[in-house]
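This report concerns only the one structure given below.
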Amino acid sequence: MDSIEGLFSLRGHRGLVTGASSGLGVECAIALAIGGADVALIARRADRVKDLAAKLANEYRVKAIGIGADVTSEADLDRVMNEAPAALGGEIDILVNNAGVSPTGRAENFKRELWDEAIAVNLTAPMMLAQRAARRLIAAKMPGRIINMGSIYSSVASSVYRLSAYTASKAALANLTRQLAVEWAQYGILVNTIAPGWIPTEATEAGIAKAGNKQRMEEFTPLARLGKPEEIRGAVIFLAGPASSYVTGSVLSVDGGYQAW
Ligand SMILES: NC(=O)c1ccc[n+]([C@@H]2O[C@H](COP(=O)([O-])OP(=O)(O)OC[C@H]3O[C@@H](n4cnc5c(N)ncnc54)[C@H](OP(=O)(O)O)[C@@H]3O)[C@@H](O)[C@H]2O)c1
């Protein structure tokens, strides 16, 4: 740990990022490639993850593969956890559970199918993928990293949007992170949450554009601006690499100070 390379290089590691077809998932994938990790990129829009994989392989000289998959399908997760290690030439030792959905609706009328989808994508899928990755790492006697994409709404409710399923699933994901960190510490598998604030992406642009929302968000944020998608990269490189070797079960906020007051 006496050089920048020693602190932050991900060379020789293999990462898997879910939801890498847009927004923060793209940035997580770029972050791992900047660090030198080989990467598998997962989303339902297979064309997008395949294109990004080709771009990262070309720009960063890493191995990269895009795999079309739905994270709510156990069969797809099994396929991914066979295809990705085979394509990259070894176990996935950095898992970024980033895929997420954020349906809105008044709590008193919140639709059951939207609730079920949010729990399936935001909470159940990260657990199903984490356990598949951990089983393989434990069997191979390899350490690893799991990064779950939480939110400011892992800790607090939203006064801007009606997000009951989202806030419930993201809070549960943060505490699942702690439980996995405790159970898997003995195997050297470190598990952490990143908690972003408001960042414009496909998921959030329309909401931000609604009258008054951007101004409200900026007023709630000590840094007085929204985040930029690429501002997630540093947190991913830190939590995936040697610099965070004594960090597990934590929530790393990337929110312009939103949760500080
Ligand atoms: N942007 C923000 O302000 C913000 C703040 C806090 C937390 N977050 C979290 O950051 C993560 C990424 O969000 P984003 O803002 O980047 O949104 P986004 O641009 O809409 O990206 C969501 C990603 O999840 C994937 N996904 C959704 N359902 C899926 C499924 N069933 N199977 C596989 N992939 C699925 C989508 O890919 P396909 O549609 O191609 O499958 C897409 O790549 C989410 O967990 C979100 O909660 C975002």
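The values are calculated or read from the model by the stated rules, or taken from the named source; none is laboratory data. It should be emphasised that the depicted structure is a prediction, and the values quoted were computed from it without experimental measurement. Note that each Cβ is placed from the backbone with ideal geometry, even for glycine, and that neighbours are counted across all protein chains shown. What goes into the accessible areas is simple: the full protein's heavy atoms, side chains included, and nothing from ligands, DNA or RNA. Shrake-Rupley method; radii C 1.70, N 1.55, O 1.52, S 1.80 Å.
Other residues whose C-beta falls under 10 angstrom from the C-beta of VAL39 contribute a net charge of +1, scoring Lys and Arg +1 and Asp and Glu -1. In the stretch 4-253, taking the dipole from charged Cβ atoms about the Cα centre, the farthest positive-side position among PHE238, THR201, ILE67 is held by PHE238. Every helix of 4 or more DSSP H residues in the chain counts as -39500 (n - 2.57), and over all residues that averages to -13500 deg cm²/dmol at 222 nm. Hey, quick one: spin label on GLN179, modelled 7 Å out along Cα-Cβ, who in the stretch 52-83 has an amide N within reach, i.e. under 20 Å? Only 72-74 pass the distance filter. If the Kirkwood radius is taken over C-alpha pairs of the stretch 88-189, then at 10 °C and 1.306 mPa s the Stokes-Einstein diffusion coefficient equals 109 µm²/s. Each residue, LYS210 and ALA75, gets one label point 7 Å from its Cα in the Cβ direction; the gap between the two is 3.7 nm. Summing charges over all other residues whose Cβ lies under 13 Å from the Cβ of VAL191, with Lys and Arg as +1 and Asp and Glu as -1, gives 0. Summing charges over all other residues whose Cβ lies under 11 Å from the Cβ of ILE232, with Lys and Arg as +1 and Asp and Glu as -1, gives -2. The fraction of accessible area contributed by carbon and sulfur in the chain is 53 percent, rounded to a whole number (1.4 Å probe; ligands and nucleic acids excluded). Within straight-line reach of LYS214, meaning a Cα separation under 17 Å, sit the following lysines at least 8 residues removed in sequence or on another chain: LYS228. Across the stretch 243-248, coupling constants 3J(HN,Hα) worked out from phi with the 6.51/-1.76/1.60 Karplus curve, θ = phi - 60°, read 4, 9, 5, 10, 10, 8 Hz, and Gly and Pro carry x. For the stretch 28-94, the solvent-accessible area with a 1.4 angstrom probe is 41 square angstrom per residue. What's the whole-number percent of alpha carbon pairs in the stretch 156-247 lying beyond 16 angstrom? For the stretch 156-247, the fraction of Cα-Cα distances above 16 Å is 66 percent.
The mean sequence separation of alpha-carbon pairs under 8 Å and at least six residues apart, normalised by the residue count of the stretch 4-253, gives a relative contact order of 21 percent.
Long hydrophobic helices in the chain, taken as whole DSSP H segments with a C-alpha length of 20 Å or more on their own axis and mean Kyte-Doolittle hydropathy at least -0.5: 74-88, 125-140, 164-184. A Gaussian network model of the chain, with springs between Cα atoms under 10 Å, assigns the largest mean-square fluctuation among LEU129, LEU226, LEU173 to LEU226. Orientation-averaged projection of the chain equals 13.8 nm² [convex hull of Cα atoms, one quarter of hull surface area]. Each label was represented as a point 7 Å from its Cα along the Cα-to-Cβ direction; for LYS141 and ALA203 these points are 3.9 nm apart.
Of all the options ILE208, ILE67, ILE194, the one that moves most in a Gaussian network model of the chain with Cα springs shorter than 10 angstrom is ILE208.
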